[in-house]
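Shown next, in structure tokens, is the structure this report addresses.
The values are calculated or read from the model by the stated rules, or taken from the named source; none is laboratory data. Every value quoted in this text rests on a predicted model; they were computed, and no experiment measured them. Positions of Cβ are generated from backbone atoms using ideal geometry, with glycine treated the same way; all protein chains shown enter the neighbour counts. For the accessible areas, the whole protein counts, side chains as well, though only heavy atoms, and no ligand, DNA or RNA atoms are used. Shrake-Rupley method; radii C 1.70, N 1.55, O 1.52, S 1.80 Å.
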Amino acid sequence: AVDYNPFSAFGLKFMYGHAFRQPGIFELYSEFRGNPDLTPQQIKTGEFEFHSLLLNDKISLKLNTFYSHINKLIGKVEDMTMPAGERYENIDHKKVAGFSVFLNLQVFNNLRFWSNYGYLTGINNSTFNFFPVENTAKNKINAGINFKILNNKITTDLKMNYVGKRKANNANKWFNTYMNGYGPAYKKFNLVTSYKLTNMLNIQVFIDNLLDEKYYGMGRE
């Protein structure tokens with residue numbers, strides 16, 4: 001990473017990473033579709049970030065965009081010699097891109113608002129058309145309010161998480177049969193309230209999923 005801050009109000013950051021994912025034991029040795037000859041999945045990612053602090057650090061803004069190239073992607077191919085009729089294999093590479101926006105606003109000394117938005121999409125290798133990434137939402141939004149009262153003795157954090165609809169993979173027969181291939185979007189709220197008894201002791205109350213939202217994740221199959 002290279003972090004360049006020509007002025008106190010804003011800066012630029014350039015990042016590059018290269019990593020791998022070792023095949024899991026299920027992918028290697030499952031009696032139904034395992035393949036012990038799998039090699040690690042590789043990924044190379046480049047990122048660019050712009051960040052800024054304005055109005056005596058009351059406004060913080062960050063913009064980030066990235067591009068990832070995955071090689072030796074571990075997927076499934078048809079193989080009628082296996083009990084499941086398929087096997088895990090190092091298949092074609094995949095390209096993924098996205099961006100995110102972060103905003104932090106100190107409205108008053110005892111009131112702060114923050115939010116971020118993330119966008120993620122796959123890119124077709126030959127046509128460069130966009131497509132949804134399996135098991136991952138294209139759109140995600142998080143937002144929160146932090147406020148303090150009674151001379152900062154009581155602090156309250158209210159957070160909202162929104163996850164857009166998610167594309168199921170082809171092996172997930174239930175979603176593809178009954179849900180048009182997508183898991184539905186959802187939003188949920190979390191609340192944390194802290195009371196400062198002394199400088200060394202806080203009492204906290206956590207309420208996860210404040211509005212009792214019903215939602216679920218994406219199964220692999």
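General remarks:
- The residues of the stretch 1-154 have, on average, 63 Å² of accessible surface per residue, using a 1.4 Å probe with all protein chains present.
- When the chymotrypsin sites (Phe, Trp or Tyr not before Pro) in the stretch 42-145 are filtered for DSSP coil states and for at most 13 other beta-carbon atoms within 10 Å of their beta-carbon, the remaining sites are Phe128.
- Within the stretch 1-104, the percentage of alpha carbon pairs spaced more than 17 angstrom apart rounds to 65%.
- Hz values of 3J(HN,Hα) by residue in the stretch 2-17 - Karplus curve (6.51, -1.76, 1.60), Gly and Pro given as x: 10, 10, 10, 10, x, 9, 5, 7, 7, x, 10, 9, 10, 9, 9, x
- Net charge in the neighbourhood of Lys13 (other residues with Cβ under 15 Å of its Cβ; Lys, Arg +1, Asp, Glu -1) is -2.
- Dipole of the stretch 9-60, positive end: most advanced residue of Leu53, Leu28, Phe14 [Cβ charges, Cα centre]: Leu53
- For the stretch 56-169, the spread of Cα coordinates along the three principal axes comes to 71, 31, 20 Å, biggest extent given first.
- In the context of the full protein assembly, Leu103 retains an accessible surface of approximately 60 Å², using a probe radius of 1.4 Å and ignoring ligands and nucleic acids.
- Placing Arg33, Arg87 in order of accessible area, with the largest value first and a 1.4 Å probe, yields Arg87, Arg33.
- Simple Cβ-charge dipole of the chain, Lys/Arg +1 and Asp/Glu -1, about Cα centre, in debye nearest 20: 740 debye
- For the chain, the Cα gyration tensor yields ellipsoid semi-axes of 41, 25, 17 Å (square root of five times each eigenvalue, largest first, whole Å).
- Of interest is the spacing of the C-alpha centroids, which for the stretch 177-221 and the stretch 64-91 amounts to 32 Å.
- For the Cα trace of the stretch 1-47, dividing Rg by the Kirkwood Rh returns an Rg/Rh value of 1.40.
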